[in-house]
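No value in this document is a laboratory result; all are computed from the given coordinates. Given the structure is predicted, the values throughout are model-derived calculations rather than measurements. A quick note on method: Cβ atoms are made from the backbone with ideal geometry, for glycine too, and the neighbour counts reach across all protein chains shown.
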Amino acid sequence: MRFNSKIAVLLRDDLLTWQRLNVTAFLVSGLGTAVPELVGLPYRDGGDVEYLPMFRQPVMVFEAGKELLTAAHARGLGRVDMAVFTSDLFATAHDAANRDAVRAVATADLDLVGIAVHGPRNAVDKIVKGARMHP
């Protein structure tokens, strides 16, 4: 099935494995709340046990260096739904502290380690242009 929109996560290529997984999980959680139509219906197994719904379409995960990540962020501003994760968030302990850490830094000065974007396929492709698929 081909979707009109695309979900992409772009991670900085110098992150440790646990950081990549943590950042990805945090970033995509924002998209599901901001764009409810991305989330499908609950799952149910053969024993009639119900599970939480998930995205209705694939999530593409990319990696890039710091400069390309910063450029992708700039290309996406105002064009698509976006979540950000900065290096400062590795030192915070709760949601309010996360928001405070992001708020304390000017847009152009954010030390981004990841972004998640959702929007029209062609717009997302332009935003992540130059990034490589995560191995």
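Straight-line cross-link reach from Lys66 at under 19 Å between alpha-carbon atoms covers these lysines, not counting any fewer than eight positions away in the same chain: Lys126, Lys129. Under 5 Å from the amide H of Phe62 lie the amide H atoms of Val9, Leu10, Leu11, His134, each residue being 5 or more positions distant or on a separate chain, with H modelled from the backbone and absent for Pro and chain starts. Label positions at Tyr43 and Arg121, each projected 7 Å from the Cα along the C-beta direction, are separated by 2.5 nm. 3J(HN,Hα) couplings calculated from phi for segment 29-46 with the Karplus curve 6.51 cos²θ - 1.76 cosθ + 1.60 (θ = phi - 60°) are, in sequence order, 5, x, 5, x, 7, 7, 10, x, 5, 6, 8, x, 8, x, 8, 9, 8, x Hz; Gly and Pro show x. The coefficient of translational diffusion for the chain, derived via Stokes-Einstein from the alpha carbon Kirkwood radius under 4 °C and 1.567 mPa s, stands at 83 µm²/s. Antiparallel as a % of all DSSP beta bridges within the chain, to the nearest 5? The antiparallel fraction comes to roughly 75 percent. Extension gain, Leu21-Leu52: 0.36 nm per intervening residue step, less the Cα-Cα distance, totals 9.2 nm.
Each helix, a run of at least 4 DSSP H residues, gives -39500 (n - 2.57); summed and divided by the residues of the chain, these come to -10000 deg cm²/dmol at 222 nm.
Relative to the current alpha-carbon distance between Ala93 and Met133, full extension at 0.36 nm per residue lengthens the span by 11.4 nm.
Around the amide H of Thr86, modelled in the peptide plane, lie the amide H atoms of Val113, all under 5 Å away and 5 or more residues distant in sequence or on another chain.
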